[in-house]
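Asker: Here it is, the structure, as structure tokens.
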Amino acid sequence: MSRAIAVYYIFCPQRRETSGSYLQYQREIADQALRYGFRKQFDLEFSRDKVVTGKNGKPYWNGEEDVWFNVSNTDGLVICGITGSGKKTEGDTSSVDFNRPALSCGSRGPEHYRYEIGVDAERPRSVRMPLLLRCCSQEEIQYILGKENDCGSREERYCEENRTESSEQGCFVSEKKTDRPQFKFQVQDRFSQIWTLKESYIKMTGEGMSFPLKEAAFSVQKKVNGELDISCKQPGSFAQRKIDDYWIAVCSDFGEKARIVWQELKFPIQSV
């Protein structure tokens, strides 16, 4: 049986009556989601006193129980992923090195209770070719620009209409916007899809932006049933869903396909 990851998502548009900063408001939502998830999944009380951070800022549960979580926020949405057994682990958990990257799939040693996860969410946003060239593989760029649909003509037209100088993979894109809104939205949408996958991976490993994003190269195919078949050059189990305007990506270092349980929560979140 595959391990399960509970993914909670909470829509939180900014309101004038919100007290304090919007970021503080979202942090409170994230903490409420964690309290809800810990109680529902493990009958545990979540406490910030039992959270430690790795060298790149990733939070970890430092209690005795087998619990792993990750949170993410973007404008209008907070997400929280939780997994584990909730049972007490054998041995001294204080010896866990939270600063090392997540283990590759299938290569776990004595610290078998480590099951890293990472989550990320984002709406489609504008993208320039220099960013694509810096962060994406050539295959990813072709997918984002829709080259697979018409033998590269879209990529060529996009580059030609927005050319500033040549590069080894095509062209750089200037401030000028394409006059084809539908194609522009496709580029923004697919870039956000790939970007959230990359972010979920580096959040899973705990390496953050110190990891070269080009090396986490993804391939996305849509199955007949509408589900996404996602593969990556880096080891991991990946899942993704588009909810309203947001792409939500989940990554784990499980040795098998993770089972994702998606649940929307309403703020303020009611106790279990």
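The values are calculated or read from the model by the stated rules, or taken from the named source; none is laboratory data. None of the values given here were measured: they were computed from a predicted structure. Virtual Cβ from ideal backbone geometry, glycine too; neighbours counted across all protein chains shown.
Asker: Consider residue 205 carefully, then state whether it is closer than 26 Å to residue 262 by Cβ and either among the polar types (S, T, N, Q) or at pLDDT 95 or above (or both).
Answerer: It is true that residue 205 is closer than 26 Å to residue 262 by Cβ and either among the polar types (S, T, N, Q) or at pLDDT 95 or above (or both).
Asker: While we're looking at this one, here's another question. Can we say residue 131 is at pLDDT below 65 and farther than 20 Å from residue 63 by Cβ?
Answerer: So residue 131 fails the test.
Asker: Tell me which of these residue 267 doesn't satisfy, since it passes every other one: (1) touching a strand residue (DSSP E or B) at 6+ places or on another chain (Cβ under 6 Å); (2) aromatic (Phe, Trp, Tyr); (3) assigned to a helix (DSSP H, G or I); (4) surrounded by fewer than 16 Cβ atoms within 10 Å (Cβ to Cβ).
Answerer: The number of the failed condition is (3).
Asker: Then there's this: So in region 34-63, with the set limited to residues that are among the basic types (Lys, Arg) and surrounded by 15 or more Cβ atoms within 10 Å (Cβ to Cβ), which one is nearest to residue 87 (Cα to Cα)?
Answerer: Here is the first cut: in region 34-63, the residues among the basic types (Lys, Arg) are 35, 39-40, 48, 50, 55, 58.
Adding the requirement that they be surrounded by 15 or more Cβ atoms within 10 Å (Cβ to Cβ) leaves 35, 40, 50, 58.
Details: 35: 17, 40: 14, 50: 16, 58: 22 Å.
Here the residue is 40.
Asker: May I ask you to list the residues in region 64-82 that are out of contact with any strand residue (DSSP E or B) (no Cβ under 7 Å at 6 or more places or on another chain) and surrounded by fewer than 19 Cβ atoms within 10 Å (Cβ to Cβ)?
Answerer: The answer is 75, and nothing else.
Asker: I'm told residue 44 meets every condition in (1) outside any helix (DSSP H, G or I); (2) more than 16 Å from the chain's Cα centre (by Cα); (3) at pLDDT below 95 except one. Can you identify the failing condition by its number?
Answerer: Residue 44 satisfies all of (1) outside any helix (DSSP H, G or I); (2) more than 16 Å from the chain's Cα centre (by Cα); (3) at pLDDT below 95 except (3).
Asker: Another one. Mind checking whether some residue in region 253-260 is part of a loop (DSSP other than H, G, I, E, B) and in contact with a helix residue (DSSP H, G or I) (Cβ under 8 Å, 6 or more places away or on another chain)?
Answerer: To start, the set of residues in region 253-260 that are part of a loop (DSSP other than H, G, I, E, B) comprises 253-258.
When the remaining residues are screened for being in contact with a helix residue (DSSP H, G or I) (Cβ under 8 Å, 6 or more places away or on another chain), the result is 253.
The answer is yes; a qualifying residue exists.
Asker: Right, something else. Could you run through region 94-128 and say how many residues are at pLDDT 55 or above and not in a strand (DSSP E or B)?
Answerer: Qualifying residue count for the region: 19.
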